[in-house]
Amino acid sequence: MKMKKGKADLQALLFLLPFLAVYGLFTIWPMIKGVEMTFYKWTLIRKMSYIGWDHYREVLKDREVWAALWHSAIFVVFTTPTMVVLSITLALIANRRSVLQKFYRSIFFIPSVLSVAVASYLGLFVFQPYTGLLNSVMHWIGLLPGDQELFWLTETGLAWVAITVLTLWWTVGFNFILHLSAIQEIPEEIYDAAKLDGANDRQMFWKITLPYLGPITRTITMLQIIASFKVFMQIYIITGGGPLDQTRPIIQLIYQTGFKKNDLGYAATMSYLLFVVLLILSALQYWLNNRKGADVR
């Protein structure tokens, strides 16, 4: 029996070896080299000199780093709760039986197949002043006087609104699909029994739908937090991190430090600072999920 189990384990390992080799080469090894880079003055050309813990000491007191990390946190706060509520709302709409059901499902999901560059340039078309779609529509319906313009991309508050709206429109489709699938897994018999007991739609949503969506909602929340902390390209294309670096996220600062300032060692150090932040948030989310699961039992 033990020989058969050992043989099965060996066969499984042989099947896993190609994946483990690729994973080790393209994931584990770069991570190890990244840690090594943090201890050196390292340029795009070559490794320079060993500097020990200097990068770590510097990054902890670098105001630019903490400002960029704060901007990423702002984006997380703006997008994550809104994304969760919006995806649940769209899933509920698309789950209703109607002649427009297929249309809803298609139109809610389609933006998520666009690349970040395409979505960002569509955002520029919508939010730019004078010739942008949004300002033109607001002029046309009278919400904005003809002699006024909203500078969505050059005023800090409006820039955050533009970036958030674009990101929600572009990425909500994936989370919408997850919530829709979870809603469809809820047994209809539960709703039928609730209706017989006199429950209305609002009561069934709060007492049945939302609790059943709890596990997938917590997963989506964690994935959205991580994705939002890694935001870069849409902000880089739309505002370039402006005005005055007020929308520059931590990933953009890492990019600028590594590839524009030619300091890969310091950029790697900032990357591992972000890694620690995400690791702490993931551990906290895992602990909360386990606690909620224990409370349910």
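The values are calculated or read from the model by the stated rules, or taken from the named source; none is laboratory data. Treat the numbers as computed from the prediction; the structure is a model and nothing was measured. Please note: Cβ atoms are built from the backbone with ideal geometry, for glycine as well, and neighbour counts cover all protein chains shown. For the accessible areas, the whole protein counts, side chains as well, though only heavy atoms, and no ligand, DNA or RNA atoms are used. Shrake-Rupley method; radii C 1.70, N 1.55, O 1.52, S 1.80 Å.
Here's the thing: no aspartates and glutamates lie within a cross-link span of K7, going by alpha-carbon distance under 20 Å and ignoring same-chain residues fewer than 8 apart. Placing unit charges on the Cβ atoms only, positive for Lys and Arg and negative for Asp and Glu, gives the stretch 49-290 a dipole magnitude near 260 debye about its Cα centre. Kirkwood radius, the stretch 1-87, all distinct C-alpha pairs, inverse of mean reciprocal distance: 17.9 Å.
For the pair V277 and T82, a Förster radius of 22 Å applied to the C-beta separation gives a FRET efficiency near 0.55, rounded to the nearest 0.05.
Across the stretch 238-297, the convex hull enclosing all Cα atoms gives 102 Å³ per residue. In straight-distance terms, cross-link reach from K261 covers every one of the aspartates and glutamates whose alpha-carbon lies under 20 Å from its own, apart from those fewer than eight places away in the same chain; here that gives E36, D54, E58, D62, E64, D245. Using the rule -39500 (n - 2.57) for each DSSP H run of four or more residues, divided by the residues of the chain, the 222 nm mean residue ellipticity is -22500 deg cm²/dmol. Accessible surface area normalised per residue over the chain is 62 Å², counting heavy atoms of protein chains with a 1.4 Å rolling probe. Annotation: extensible slack from N262 through F103 equals 52.3 nm (criterion: 0.36 nm per residue apart, minus Cα-Cα distance).
Going through the stretch 155-208, which chymotrypsin sites (Phe, Trp or Tyr not before Pro) have at most 13 other Cβ atoms within 10 Å and a DSSP loop state?
On the way: sites: W160, W169, W170, F174, F176, Y191, F205, W206; in loops: none.
Sites meeting the loop and neighbour criteria: none at all.
Here the simple spin-label model places points 7 Å from the Cα toward Cβ, and for L284 and F125 these points are separated by 3.9 nm. Convex hull volume per residue, computed on the Cα atoms of the stretch 146-272, equals 157 Å³. Between the stretch 64-126 and the stretch 255-278, how many Å separate their Cα centres? When both Cα centres are located, 28 Å separates them. When the P(r) of the chain is calculated, the portion above 28 Å amounts to 57% of the C-alpha pairs. Label positions at L133 and R57, each projected 7 Å from the Cα along the C-beta direction, are separated by 5.3 nm.
Equivalent ellipsoid of the stretch 105-164: semi-axes from √(5λ) of the C-alpha gyration tensor, largest first, are 24, 14, 10 Å. Between the beta carbons of L25 and V113, assuming R0 = 41 Å, the FRET efficiency works out to 0.85 to the nearest 0.05. Derived from the Cα gyration tensor, the three semi-axes of the equivalent ellipsoid of the stretch 67-151 are 28, 22, 14 Å, largest first.
Estimate the FRET efficiency between A73 and L196 by the formula 1/(1 + (r/R0)^6), using the beta-carbon distance for r and 41 Å for R0, to the nearest 0.05.
My answer for the efficiency is 0.30.
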